[in-house]
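Computed from the coordinates by the stated procedures, all read-outs in this text should not be read as laboratory data. Values in this document were obtained by computation on a predicted structure and should not be read as measured data. Every residue, glycine as well, gets a Cβ built from its backbone with ideal geometry; the counts of neighbours run over all protein chains shown.
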Amino acid sequence: MARQDANKTYATGRRKSSTARVWIMPGEGKITVNKRDAKEYFKRDIFDNLIRQPLQIANMSDKMDVVCTIKGGGMSGQAGALKHGIAKALLVYDSTLRAAIKKAGLITRDSRVKERKKPGQPGARKRFQFSKR
């Protein structure tokens, strides 16, 4: 679900078992995750680059502030959920960005999730060692 208020735009992003609730508004490019700065929350630079990707494609990295709350999953899933949420919020904010964001593959949700463990096996794909005798 995505919506736009007077000066805020809301969207939800998902990846693996993480969900990001994202609000974007005009500002100077600050990204706040769970009431902390994004660089402090995501300690690795690769995650910071990942979440800034939609803003860079839209040429709005220094024009929009992002505030979000993320629940579930690990750092990689949370960064992917935030990226997806920012991309969806940008589309609601300005629909002319759709072609560029879609070409970069940011609109589509990455639906890959952990495969369930099967009964009688030690893992999702792993089998117990075969013994002929």
Where labels lie 7 Å past Cα in the beta-carbon direction, separation of Gln129 and Ala2 in nm: 5.3 nm
Partner aspartates and glutamates for Lys16 [C-alpha distance under 12 Å; skip if fewer than 8 residues away on the same chain]: Asp110, Glu115
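Just rank Lys117, Lys132, fewest to most, by other beta-carbon atoms within 10 angstrom.
Least to most surrounded, the residues fall as Lys132, Lys117.
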Inter-probe distance in nm under a simple model that places probes 7 Å from Cα toward Cβ, at Gln56 and Ser17: 3.1 nm
Of Lys39/Lys63; Lys71/Lys126; Lys35/Lys114, those spanning more than 24 Å from alpha-carbon to alpha-carbon: Lys71/Lys126; Lys35/Lys114
Tilt relative to the chain, helix 75-93 - C-alpha long axis, 0 to 90 degrees, to 10: 40 degrees
About the Cα centre, charge dipole magnitude for region 3-103 (Lys/Arg +1, Asp/Glu -1 at Cβ), debye: 480 debye
Solution diffusion estimate, µm²/s, Stokes-Einstein, the chain, Kirkwood Rh from C-alpha pairs, 20 °C, viscosity 1.002 mPa s: 135 µm²/s
Angle in degrees between helix 45-57 and the longest Cα principal axis of the chain, rounded to the nearest 10: 50 degrees
Distance (nanometres) between label positions extended 7 Å along Cα→Cβ at Lys63 and Asp45: 2.7 nm
